[in-house]
Amino acid sequence: MSVVPAQVLPGGVPAVPETARDTDGLGPPARLWPSLAAVYRAQLSRARVARIPLLFVATFQSVGIAVMMRGVVDSGTEAQSVVAGSAVLVVAYVALNLLSQYFGQLRASGGLDHYATLPVPPAAVVLGAAAAYASFTVPGTLVTAVFGCALFGLPLSNLWILLLVIPLAGAALSGLGAACGLLAPRPELATLLGQLGMSAALLLGVLPADRMPEIIRLARDLLPSTYGVEAYARTFDGRPDWAVVLADLGVCAGVGVVSLAVATWAYRRAAVR
Amino acid sequence: MRAVQAPREDEVVRVRGLTKTYPAVKGRRGTPGTPEVRATDGVELGVRRGEVFGLLGPNGAGKSTLVRQLTGLMRPDAGSVEILGHDIVRHPERAARLLAYLGQESSALDELTVSLAAETTGVLRGLDVRRARAERDAVLEELGLAPIAGRALKKLSGGQRRLACFAAALVGERPLLVLDEPTTGMDPVARRAVWAAVDRRRAERGTTVLLVTHNVIEAETVLDRVAVIDRGRVIACDSPAGLKEQVSGEVRVELVWRERAPLEVPEVAALHERAAESGRRWTLRLAPEEARAAVATVTGGAAFAALDDFTLATPSLEDVYLALGGAARQGLVKA
């Protein structure tokens, strides 16, 4: 390893061409996919230590809401949106609420320094964590959906659509959650934002939209999880309109790309103060 | 302050005129405002290849702010940082490819196992998975962490957790290690493992170490050179022995009284005026003959009955810090 030649003094002209010096002593940067996989794997392993009780809470909460709504709605489209809404609520709880708390606490405690002093692309940290949190939601979402279908007498035949709904709604909501956690100036605010987002997903996603006033319906349209809920709810029909389902999922995907990009920007901003 | 030295060829880290000011915070209801703080104030440093260079100072002296600017985590208001010829102020992202940083916080790794923390850090430092695993195994073995490799960091004691974070910092070799109080909470065995690992890397690869500490005993034993930081400025920079020569004419006398000092003894009352008092303990810095007289006084007659313990010692880096006008009276740790 060479050091700087004496001619290269502050204010002086570099004696060696810039390109020759650029790699001087530099270690290799971490590439996107391997580091994303490493972050994902590390985050997933955290579930064993810290997340399992919270995943139970997420599932019981959604199952409880489905049971509660059983006393209010009977069947038909309202039942479909209750089942779809309570299933996607698990995604909102974990990806939005828990992820914003995680990043809020990581930022406040100085834990981001660990990642910021490694040559890892910011997108790998954000996407790896978001993907892991979205994965945490899979069992709870499936349990809630199966339980809800049994409770309201809905068919299980199109349950597979959840395999698309979870990652796409998960991307949109976890991007939002990560951005909230990284941008909030204090960890309590990050927690608050996550809780508010979760409450919005609960009220706007689970309660049947037809009974809502116009302004609430507008707010419902602005929430990315709504499109995941609608995509799943539509598949309960005897002959679903797959084009509309696909369009709903497309909205989720679009919002997901934007919110993950915002989260990546927020990470950069939070890492170097 | 010394004049700026001419840059040496073997300098790995070169810091010139580094300044960072935290803006004043306006008081809100219930919380008083804080005035503007100069966290680093025109810092000049040069760290040579292969040396263990220390930043010594009490809490709040500006050590961590300085380190954050060296590692690219914080942009200075003015001044330059060069690491191996790379301008870190202009290209802060290069710092991560030049140095390994052990910060004081482990929250990013707390819920991982020791083994996964080290492996993941290695991959994120640019190693492929196979290489990261091989280095992980070697480092855990070297530091004696292999038996607890499968346990989560947050289930470990403070010292073991610190050692696991140190292990993560060593996976994926870097020419510069920046260690912020690496041995906090460690038992002597773990400390020895840390310094042995550092020495091995210096001897085999010429690794340079920048160490932040407020522990004077550790500073005296492991550092080649030390910069003493006080209120954001470097107030001295030399080898520990060189610094101690500055106060070599003095002896430190520590007196511990049983209940209270016998101030009715005139000689004791005279010493009281020169003592730094901390509970029942008095610390005095005296010329050797004065120290002899003081010891004669307190070990005889009425004063001796009131005396619990006394020690005479040659000056430490703490005495250097105080002699140089360091502001904090109690900031440094002797353990």
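The values are calculated or read from the model by the stated rules, or taken from the named source; none is laboratory data. Nothing here was measured: the structure is a model prediction, and the numbers come from that model. When we count neighbours, we look across all protein chains shown, and the Cβ atoms used for this are built from the backbone with ideal geometry, even at glycine.
One table, with the values for the structure above:
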| item | result |
| --- | --- |
| Restricting segment B:50-64 to residues that are of a type outside the set (G, A, S) and buried (at least 23 other Cβ atoms within 10 Å of the Cβ), the residue that is nearest to the other protein chains (Cβ to nearest Cβ) | B:K63 |
| Options B:A138, B:A146, B:A168; residue that is closer than 25 Å to A:G104 by Cα, aliphatic (A, V, I, L, M) and either surrounded by fewer than 21 Cβ atoms within 10 Å (Cβ to Cβ) or within 13 Å of another protein chain (Cβ to nearest Cβ) (or both) | B:A168 |
| Whichever residue in segment A:101-139 is among the hydroxyl-bearing types (S, T, Y) and within 25 Å of A:A30 (Cα to Cα) and, among such residues, is farthest from the other protein chains (Cβ to nearest Cβ) | A:S135 |
| Odd one out for A:T77 among (1) more than 10 Å from chain B (Cβ to nearest Cβ); (2) buried (at least 24 other Cβ atoms within 10 Å of the Cβ) | (2) |
| Where A:P155 falls short, out of the listed (1) touching a residue at least 40 places away in the same chain (Cβ under 8 Å); (2) assigned to a helix (DSSP H, G or I); (3) surrounded by fewer than 18 Cβ atoms within 10 Å (Cβ to Cβ) | (2) |
| Among (1) within 20 Å of B:R231 (Cβ to Cβ); (2) free of Cβ contacts under 8 Å to residues at least 40 places away in the same chain - the single one B:L70 does not satisfy | (2) |
| Selection within segment B:80-104 - hydrophobic (A, V, I, L, M, F, W, C), at the interface with chain A (Cβ under 8 Å from one of its Cβ atoms) and without any contact (Cβ under 8 Å) to a residue 60 or more places away in the chain | B:A95, B:A96 |
| The lone exception for A:V90 - which of (1) more than 14 Å from chain B (Cβ to nearest Cβ); (2) assigned to a helix (DSSP H, G or I); (3) surrounded by 15 or more Cβ atoms within 10 Å (Cβ to Cβ); (4) in contact (Cβ under 8 Å) with a residue 60 or more places away in the chain it fails | (4) |
| Neighbours by Cβ (under 6 Å, 6+ apart or cross-chain): first from segment B:10-31, within 11 Å of another protein chain (Cβ to nearest Cβ); second hydroxyl-bearing (S, T, Y) and surrounded by fewer than 21 Cβ atoms within 10 Å (Cβ to Cβ) | B:R16/B:S80 |
| Total residues in segment B:150-166, condition touching a strand residue (DSSP E or B) at 6+ places or on another chain (Cβ under 7 Å) and in a loop (DSSP other than H, G, I, E, B) | 2 |
| Of all residues making up segment A:59-83, the number that are touching a residue at least 60 places away in the same chain (Cβ under 8 Å), under 16 Å from A:A200 (Cβ atoms) and within 20 Å of the chain's Cα centre (by Cα) | 1 |
| Set A:A184, A:A201: member being among the small types (G, A, S), crowded, with 22+ Cβ neighbours inside 10 Å, in contact (Cβ under 8 Å) with a residue 12 or more places away in the chain and farther than 24 Å from A:P167 by Cβ | A:A184 |
| Those helices (runs of 4 or more DSSP H) lying entirely in segment A:199-273 with at least 1 residues of a type in the set (G, A, S) and in contact with a Cys (Cβ under 9 Å, 6 or more places away or on another chain) | A:224-234, A:242-271 |
| Subset tally (residues that are within 7 Å of chain A (Cβ to nearest Cβ) and surrounded by fewer than 21 Cβ atoms within 10 Å (Cβ to Cβ)) for segment B:105-124 | 2 |
| One residue from B:G85, B:G60, B:G54, B:G42 being touching a helix residue (DSSP H, G or I) at 6+ places or on another chain (Cβ under 9 Å), in the same structural domain as B:V228 (by the TED database) and on the phi > 0 side of the Ramachandran plot | B:G85 |
| Members of segment B:93-104 that are surrounded by fewer than 20 Cβ atoms within 10 Å (Cβ to Cβ) and farther than 16 Å from A:A30 by Cβ | B:Q104 |
| Single residue of A:A145, A:A169, A:A150 found to be over 17 Å from A:A201 (Cβ atoms), hydrophobic (A, V, I, L, M, F, W, C), modelled with pLDDT of 90 or more and part of a helix (DSSP H, G or I) | A:A150 |
| Segment B:242-272: number of residues that are closer than 18 Å to B:F310 by Cβ and not β-branched (V, I, T) | 16 |
